[in-house]
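The values are calculated or read from the model by the stated rules, or taken from the named source; none is laboratory data. Since we're looking at a predicted model, the values are computed, not measured. Counting neighbours? That spans all protein chains shown, and the Cβs are built from the backbone with ideal geometry, glycine included. Keep in mind that these areas ignore ligands, DNA and RNA; they rest on the heavy atoms of the full protein, side chains included. Shrake-Rupley method; radii C 1.70, N 1.55, O 1.52, S 1.80 Å.
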Amino acid sequence: MATIQRLDPAVVNRIAAGEVIQRPSSALKELIENSLDARSTSIQVTVKSGGLKLLQIQDTGHGIRKQDMGIVCERFTTSKLQKFEDLNSIQTYGFRGEALASISHVAHLTIVTRTADAKCAFKASYCDGKLAAPKPGVSVEPKPCAGNVGTQISVEDVFYNMPTRQRALKSASEEYSRIHDVVSRYAVHNAGVGFTLKKQGEGIADVRTSAAASKQDNIRTLYGASIAKELLEVKCSDDRCGMRMSGLVTNANYSTKKLLFLLFINHRLVDSVGIRRMVESVYSAYLPKNTHPFVYMSLEILPCNVDVNVHPTKHEVGAACGSDIVVNIFRRWSSCHGNSMPIFQSG
């Protein structure tokens with residue numbers, strides 16, 4: 001019989017990192033959320049080989065203090081949470097302190113950052129959650145360098161030490177498509193933040209939105225005029241659950257072969273099977289068979305009614321009255337006057 005042994009910490013950390021960072025786009029999602037938590041008004045993403053060779057994000061946030069750079073990539077180091085009960089009122093994207101740590105266990109990570117009160121920026125490299133020398137014989141300590149206020153994070157050679165995961169990923173073009181999708185969704189939801197996405201070495205950006213643009217403007221830019229011209233605004237609330245819903249959805253004049261469903265709960269990009277099915281059910285009576293709408297939906301629920309700690313990547317959240325919320329939205333969308341649905345009337 002095999003003897004039970006305590007796993008080496010390096011093995012534990014790499015296993016945990018593989019749960020949080022499943023592919024380049026999931027790493028980018030974590031980095032974008034960090035930038036938004038830092039109150040960035042501009043986020044620029046540069047990619048090489050679908051993010052496998054390089055995934056770089058530059059923001060205009062408040063930066064990282066030099067004295068914090070030594071532990072910023074350690075697991076469970078965070079400025080957003082102090083005790084477990086804080087989860088009941090958490091309003092930031094991040095809270096576990098796992099994103100940068102996880103990335104540093106499966107890729108080569110470099111941070112250049114500057115705070116508003118610093119005279120210069122500082123640059124440091126990381127490996128396995130700790131400061132690492134950028135080259136042999138060089139000190140691991142953060143080095144002063146030129147840089148603007150904010151943070152630039154460069155992630156290189158994703159899954160260099162996990163060849164099986166690397167082989168399981170799709171082509172570079174498919175991984176880039178996933179990155180494009182993540183940036184587009186966050187750009188729609190975060191009107192007031194300018195987003196840019198481009199491939200390294202190319203002058204033209206594939207995504208470029210302005211901080212002055214509205215959500216409708218960004219939908220037009222990123223998803224096309226055919227969707228934007230058919231958009232309708234929807235809203236509802238439920239004081240009992242502490243829920244407010246707002247969204248932009250296409251009317252019955254628009255349909256496509258695949259559902260375009262952008263769902264944010266307390267500003268987190270998530271998925272919900274229940275809400276997705278509700279959307280499909282409502283539209284099934286108004287669209288041709290096997291066609292689907294565009295739906296952008298933002299739910300704001302009292303933090304004490306949301307469990308954000310149910311999935312390693314925070315791709316799903318739990319709500320204390322989740323089924324009631326779905327029913328409430330369904331009733332609002334399905335409220336009929338005769339046989340017509342008000343939210344689907346155009347013109």
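Per-structure values
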quantity: Stretch gain in nm, segment Asp271-Lys135, where the contour uses 0.36 nm per residue and the Cα spacing is subtracted; calculated: 44.8 nm
quantity: Heavy-atom accessible area per residue - the range 115-241, 1.4 Å, Å²; calculated: 54 Å²
quantity: Over the range 153-306, relative contact order from alpha-carbon pairs under 8 Å, at least 6 apart, %; calculated: 18 percent
quantity: Residue order for His189, His180, His62 - accessible surface, 1.4 angstrom probe, largest first; calculated: His62, His180, His189
quantity: Long pairs among Lys123/Lys215; Lys29/Lys199; Lys29/Lys215; Lys29/Lys198; Lys29/Lys53; Lys66/Lys130, criterion Cα-Cα beyond 26 Å; calculated: Lys123/Lys215
quantity: Length gained when the stretch Thr110-Lys143 is fully extended (0.36 nm per residue, less Cα-Cα span); calculated: 10.7 nm
quantity: Eligible lysines near Lys289 by straight Cα distance, threshold 17 Å, same-chain separation 8 or greater; calculated: Lys257, Lys258
quantity: Mean separation of Cα contacts under 8 Å (6+ apart) over length of the range 213-263, as relative contact order %; calculated: 29 percent
quantity: Net dipole in debye of the range 143-208 [+1 Lys, Arg Cβ; -1 Asp, Glu Cβ; about Cα centre; nearest 20]; calculated: 80 debye
quantity: Potential lengthening between Glu233 and Glu174 on full extension [0.36 nm per residue; Cα-Cα distance subtracted]; calculated: 18.0 nm
quantity: Reciprocal of mean inverse Cα separation for the range 93-251 (Kirkwood radius, Å); calculated: 19.3 Å
